[in-house]
1. Quick check on my filter: what residues within the stretch 196-224 are of a type in the set (S, T, N, Q), within 19 Å of E176 (Cβ to Cβ) and out of contact with any Gly (no Cβ under 8 Å at 6 or more places or on another chain)?
2. Inspect the stretch 12-32 for any residue being out of contact with any Leu (no Cβ under 6 Å at 6 or more places or on another chain), within 20 Å of N352 (Cβ to Cβ), at pLDDT 80 or above and outside any loop (DSSP other than H, G, I, E, B) and give the result as yes or no.
3. Quick one: in the stretch 332-368, of everything that is among the aliphatic types (A, V, I, L, M) and in contact (Cβ under 8 Å) with a residue 40 or more places away in the chain, which residue is surrounded by the fewest Cβ atoms within 10 Å (Cβ to Cβ)?
4. Within the stretch 326-337, identify whether any single residue is in contact with a Phe, Trp or Tyr (Cβ under 8 Å, 6 or more places away or on another chain), at pLDDT 85 or above and within 30 Å of K49 (Cβ to Cβ), and answer yes or no.
5. If I ask for residues that are assigned to a loop (DSSP other than H, G, I, E, B), modelled with pLDDT of 90 or more and of a type outside the set (G, A, S), which ones from the stretch 106-143 would you list?
6. Which one of the conditions (1) modelled with pLDDT of 80 or more; (2) hydroxyl-bearing (S, T, Y); (3) assigned to a loop (DSSP other than H, G, I, E, B) does T53 fail to meet, given that it meets all the rest?
Amino acid sequence: MNMKIRVLCRLTSMMILGLYSVGFANSNPYTDVPADDWSYVAVESLIQKGLVTGYNQQNFKHGEIITRSDMAVIVAKAMSKRSTVDLDTKILIDKLVIEYKDELKDIGVRETGVVESKMDRFSFNGTARVRFDKGHTDGKTVDRGDKTGSYTPNSHLNLDLNYTYQVNNSWSLVGESEFGRQFNYAGENETLQNSVFEQMYVTGPFADTVIKAGRFSSYSPMGLAYDDKVTGAQISFGKVVKTTLQGGIASSNDDSSTYKAQNFSSVLFDVPLSSISNFHAGYYRIEANPYQHQQIDTGNYVNYYTAAFDSQMAKNWNFKAAYNKSDAVGALSNGIKSNDTKAYEVKVTYKNADMNIPKSYDIYALYRKSPQLASYSNTDDWHQNVKGFRIGLDYTIEKNVGLCTWYTFGKDVDTNKENNTYRIEWDFAL
C-alpha cells in the first residue's frame, strides 16, 4: 500500500473512531490549543479561505475546543493543497507543519516538511502563460491619443517562477523570477529577458508581528490603488483585525521609463465581518509621478484612500466591491486634461476554477472605472483611463492547464470614446 493510501486510511479511521494518536509525542497530542494561539488563528484563516474544512469535515467555530491532534488532521489536509496556494499561504502551511511535526508523525503523515538537509529547505512552483490581447478605439483617448482602430495592448509569452528557502523553523527567503517575450513591444523584451528577481525578501515572525523585508509585491483591495513592487519593509499584526504597514520605495521591474522610484508608505486594515464577509480599508502616500501626468508643483506626494468589501454570498456566488480616491492633480496627456480622481469596481463571480480539477470553471461580470489619476499602478495599468463592463470565463482544460478569456466594453474616462479590449490566455501551472 503506497504512502498516500496509508495516510488516507489513517485519517479516515481517526475521524470515524476519534483515535487521533498512537502515543504521546514530545508534547501531549491531546492538549487543547488556545483560541488565541497563532496556529489556531492560522488554521482559522485557512478554513475561511476554503482551503480546508475542520477536523471532522465541519468548520469549527471560533473558540471551539480543539486538540493538537485535531489540528494535525487539518494541517495534513492543508499539506495536500500546498502546491495550489500563493506564497504567503504556502509559508504559513510550512510553519504549521513544523509546529505539529510530532502529531503529524503520530497520525501517519511522514512527509511533514521538516528540514533534513539544505535541499529539503528549498521548494519552488510557477506559472507559464501565452497571452493574446486585442483592443480597438474609435476616437481620441488618453491611452492612445489620436490613434484609432485596432491595437495590441499586452500580448506575450511569460514564465513566472517562485522560490522558497526555509532558513530555519521561523524564517524564509522568498524569490520570484519572471521571464517573457512581448509579441508587440520589442523594446520591453530586453528588460523582461534580463529580469532576475521580481521579488526577493525574507519573512518571519518577530514578537507578535510578521515581518517582510526586501523587494516584494504590494496589492491594494482589488488592485485599484496599487498593484506593483515595493522595496522596503512590511509589518503585519493583529489576531482579529489584521493591520499591515509598509514603507520604502515604489518601483516597477517592467517599465523603468514609466515608473520611477518614488517614496512609498501605506497602511491596510483587513476586518472580518462574519465567517463569509470581510471589509478592507487602506491609505497610500506615494511621491508624485510626473510620468503619470500628475503635476508636482502642487505638492510632492499624492494620497490614495481605498475601501473594499467581499462576501461569499451563497455556495457558488462571490461578490466584491472596491472604491478608491486620490488627491492627484492632472496634467495634459495626449492633449487631454484628466480631472477624475475616483475609481471603483464591482464584481460578481459564479463558481471557482481550480487548476487541480479538470473541467472546473468560473464565470464573472464586473464594472470598473479606473481614471489614471486615481491610482499609482492598478491591476490593468497596461490599459489606462478606462471605464466599462467586463465579462470573463476561467476554465480548467485538464489538470494544471487552464484557459482565461474576457471581453471589456470600455470607454475613455475623459473623452467617452470607445476603447474595447479582449483577451485569450492559456495558463500552465508548474
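The values are calculated or read from the model by the stated rules, or taken from the named source; none is laboratory data. Because the structure is predicted, anything quoted here is derived from the model rather than measured. Don't worry about glycine lacking a Cβ; one is built from the backbone with ideal geometry, like all the others, and counts go over all protein chains shown.
1. Result: T203, S217, S218.
2. No.
3. Filtering first and then ranking leaves I357.
4. no
5. Listed by number, the residues that qualify are D138, K140.
6. It fails just one condition, (1).
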